[in-house]
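So the structure is just underneath, and the comments pick up after that.
Just so it is clear, none of the values below were taken in a lab; they were calculated from the coordinates. It should be emphasised that the depicted structure is a prediction, and the values quoted were computed from it without experimental measurement. Note that we place each Cβ from the backbone using ideal geometry, even for glycine, and neighbour counts take in every protein chain shown.
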Amino acid sequence: MGTVIFLGTGGARVMVARQLLASGGLWLDVDGVQISLDPGPGALVGATRRKLNPTKLDAILLSHRHLDHSGDVNAMIEAMTTGGLEARGTLFAPHDALEEDPVVLRYLRRYLAQIVELQPGGEYRVGPVSFRTPIAHRHHGAETYGFVFDTTGGRLAYVPDTRYFPELGEAYQADYLIVNVVLLEPRDIDHLSVPDVARLLVAIRPRKAIITHFGMSVWRAHPWEVARLLTEQTGVEVTAARDGMRFEF
């Protein structure tokens with residue numbers, strides 16, 4: 001059994017700045033392991049409001065260092081370690097999020113039991129949960145990785161921000177797919193659009209897909225309507241995430 005809780009479904013600068021949708025990223029409870037994934041602004045507040053206990057986190061995963069994916073990483077580290085009173089938990093993050101343009105405060109790093117730098121094709125483990133970063137998203141302006149989790153409930157893939165490129169379909173083969181969609185139509189911006197997501201769904205054919213991390217254009221088009229159209233176009237069951245939504249697999 002695995003559960004994904006959507007602490008926020010808003011993405012990109014304007015949506016996050018206006019907080020039309022929350023921006024706290026995802027909370028995963030997978031085979032008893034608690035993971036904060038891309039804790040954007042509001043992740044800590046969103047977790048506690050939903051009766052989730054950040055002091056019980058086992059790991060924090062950053063796909064990349066952009067603010068809408070990492071704004072609450074320091075707050076979550078402090079909560080996970082009870083303010084540094086208990087050295088525990090692992091932070092998984094790209095190199096540039098730690099060194100070149102760091103988003104993780106250095107004084108907090110000693111609170112953690114371990115820090116792991118993500119690599120293309122890397123394989124990792126937190127307790128019984130194994131996951132990998134199959135490919136670098138080379139079209140996003142920061143070192144960026146998605147995640148594929150192998151769990152007792154099936155294979156779950158998370159595709160964060162990127163411009164579309166063909167290798168994505170092979171990299172994220174999974175039973176369940178969570179994909180960030182910022183744009184309604186393709187633009188000269190390093191983010192996925194709705195037509196890009198349709199191409200991914202056809203390539204991957206997951207049992208179920210969930211779209212999230214909506215930009216303004218998708219929000220104005222009503223994400224639930226976008227999900228319905230994607231289902232009709234691809235034959236894949238697609239759901240639009242909502243703030244606070246729980247998905248069990």
Point to revise | Answer label for Rg/Rh (Cα atoms, Kirkwood Rh) (calculated), chosen among (1) 0.94; (2) 1.07; (3) 0.96 | key: (1)
Check your understanding: Among Ala221, Ala136, Ala87, which one moves the most in a GNM of the chain with springs linking Cα atoms closer than 10 Å?
Key -> Ala221
Revision key, fill the gap. Listing Arg65, Arg246 by rising number of other beta-carbon atoms within 10 angstrom, fewest first, gives Arg246, Arg65
Study note, to complete from the structure: Fewest-first ordering of His191, His140 by Cβ atoms within 10 Å yields His140, His191
Revision key, fill the gap. Checking Asn180, Asn74, Asn53 against a Gaussian network model of the chain (alpha-carbon springs below 10 Å), the top fluctuating residue turns out to be Asn53
Study note, to complete from the structure: Computed about the Cα centre, the charge dipole of region 42-102 from +1 Lys/Arg and -1 Asp/Glu charges at the Cβ has a magnitude in debye, to the nearest 20, of 520
**Study point:** For region 171-249, convex hull of alpha carbons as volume per residue, Å³
**Key:** 88
Check your understanding: So what's the angle, to the nearest 10 degrees on a 0 to 90 scale, between helix 194-204 and the longest Cα principal axis of the chain?
Key -> 80
**Study point:** For Tyr158, Tyr164, order by how many other beta-carbon atoms lie within 10 Å, fewest first
**Key:** Tyr164, Tyr158
Exercise for review: Would you look at the GNM of the chain, springs on alpha carbons closer than 10 Å, and say which of Ala43, Ala79, Ala93 moves the most?
Suggested key: Ala79
Point to revise | Rounded to the nearest 20 debye, dipole of the chain from Cβ charges on Lys, Arg, Asp, Glu | key: 580
